[in-house]
1. Just a yes or no: is a residue in the range 278-287 over 23 Å from TRP12 (Cβ atoms), outside any loop (DSSP other than H, G, I, E, B) and aliphatic (A, V, I, L, M)?
2. Return yes or no: is ALA105 among the small types (Gly, Ala, Ser), more than 12 Å from the chain's Cα centre (by Cα) and crowded, with 22+ Cβ neighbours inside 10 Å?
3. For a quick check of your reading of the model, give me the residue pairs whose first member lies in the range 30-46 and is closer than 18 Å to HIS179 by Cβ and outside any strand (DSSP E or B), whose second is at pLDDT 95 or above and among the basic types (Lys, Arg), with beta-carbon atoms closer than 7 Å and at least 6 apart or on different chains.
4. Which members of the range 27-49 meet the condition of being of a type in the set (Phe, Trp, Tyr) and either in contact with a Gly (Cβ under 7 Å, 6 or more places away or on another chain) or crowded, with 20+ Cβ neighbours inside 10 Å (or both)?
5. Here are the criteria: (1) part of a loop (DSSP other than H, G, I, E, B); (2) among the β-branched types (Val, Ile, Thr); (3) surrounded by 21 or more Cβ atoms within 10 Å (Cβ to Cβ). Tell me which single one ILE169 does not satisfy.
6. Which residues, taken from the range 50-90, are of a type in the set (Gly, Ala, Ser), in a loop (DSSP other than H, G, I, E, B) and either surrounded by 21 or more Cβ atoms within 10 Å (Cβ to Cβ) or at pLDDT 95 or above (or both)?
7. Pairs, please: C-beta under 9 Å, at least 6 apart or cross-chain, first residue on the phi > 0 side of the Ramachandran plot and in the range 2-16, second among the aliphatic types (A, V, I, L, M) and part of a strand (DSSP E or B)?
8. How many residues does the range 106-138 contain that are among the hydroxyl-bearing types (Ser, Thr, Tyr) and not in a loop (DSSP other than H, G, I, E, B)?
Amino acid sequence: MNMNPFAVQGNWYRGNLHTHTTNSDGRYSPQSTVDVYAQAGYDFLALADHGRLTNPADLDHRGMVLVPAAELNGGRGELGQSFHLLCLGMRREPERVETPSAQEALDYARSVAELVFVAHPYWSSHTPKDLMAFDGYDGIEVFNTTCQRGIGRGYSEPHWDDLLARGRILPAIAVDDAHFGYWDFGGGWIMLRAPQLDLDSVMAALKAGHYYATQGPEIKDVAVVDGWVKVVCSPARTVAMVVPAPGRGWTTDRVRRGKDESPMTEAYVPLSEARGGVFRIEVIDEHGRRAWTNPMKAS
């Protein structure tokens, strides 16, 4: 799969794929939640209430695309926490079924949804063994706002990189998972490239991996130029090539330390550092906010 949105034509759209309402354990009603995101300029949103489908047809979309979604649980990892599965493109209302294993939970989720992501693996204390023990999910959450602002465990890059190192070449999303019990809104989202803004186009772009995850930094282009990976972005402190192999990778700090420390909007990292394997680009701005591309192949 070519998960490089910078190599396809289309427009950029901002969206959050994980939030909750009073239909489960959120503080705001479904319509109030839609209103909050619409007022903030989002283009698409998924109301992923626990164990049930909050039907977009019942709501004023306020100009956004509403992705039918739900968060389902099932199975347990080796440390005892159940898997939380973010289900996007729900086909019908989920039933409450007993799923003793993670694979059974995932198989059921796939029967009712078009895409399934493993939610907040760090918050859930899931291990690499857990994530490799079942198969068929479409990606993971690399950042979850409420998990970070609630208990400081919102970043799941090591889980993602471990999967990549073991040959699971999966995309990752940044989300809010907002419940609005505290201010867990607007901390993570994806920028998705699609030809137009409608549900079919959004779902097609999600399936193709044509998006990047961000907390704020903008990635404008990633392209291979004469053996280098050229990154064009909003003003950044650091641009990194992250390679899921021992001792591999590169950051611009290696060549800038002690020299020009001004924000950069263009950077080159050596493609040779990926050694023909998989890499991802990470952009960090002066406030420490991050953006993550989906994995790309060096060859």
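1. Going through the range 278-287, the residues over 23 Å from TRP12 (Cβ atoms) turn out to be 278.
Next cut, outside any loop (DSSP other than H, G, I, E, B) only: 278.
Now narrow it down to the ones that are aliphatic (A, V, I, L, M): 278.
Yes, the conditions are met somewhere in the range 278-287.
2. Numbers: among the small types (Gly, Ala, Ser): yes; more than 12 Å from the chain's Cα centre (by Cα): yes; crowded, with 22+ Cβ neighbours inside 10 Å: yes.
For ALA105, the condition - among the small types (Gly, Ala, Ser), more than 12 Å from the chain's Cα centre (by Cα) and crowded, with 22+ Cβ neighbours inside 10 Å - is met.
3. So the pair list comes out as VAL34/ARG62; ASP35/ARG62; TYR42/ARG14.
4. Taking the range 27-49 and keeping what is of a type in the set (Phe, Trp, Tyr), we get 28, 37, 42, 44.
Within the range 27-49, TYR37, TYR42, PHE44 meet the criteria.
5. (3)
6. Here is the first cut: in the range 50-90, the residues of a type in the set (Gly, Ala, Ser) are 51, 57, 63, 69-70, 74-75, 77, 80, 82, 89.
Next, only the ones that are in a loop (DSSP other than H, G, I, E, B) stay: 51, 63, 77, 80.
Selection gives GLY51, GLY63.
7. Qualifying pairs under 9 Å: GLY10/LEU192; GLY10/ALA194.
8. Filtering the range 106-138 for residues among the hydroxyl-bearing types (Ser, Thr, Tyr) gives 108, 111, 122, 124-125, 127, 137.
Subset that is not in a loop (DSSP other than H, G, I, E, B): 108, 111.
Summing the residues that are among the hydroxyl-bearing types (Ser, Thr, Tyr) and not in a loop (DSSP other than H, G, I, E, B) in the range 106-138 gives 2.
The values are calculated or read from the model by the stated rules, or taken from the named source; none is laboratory data. A quick note: this is a predicted structure, and the numbers were derived from the prediction, not measured. We place every Cβ from the backbone using ideal geometry, glycine too, and count neighbours over all the protein chains shown.
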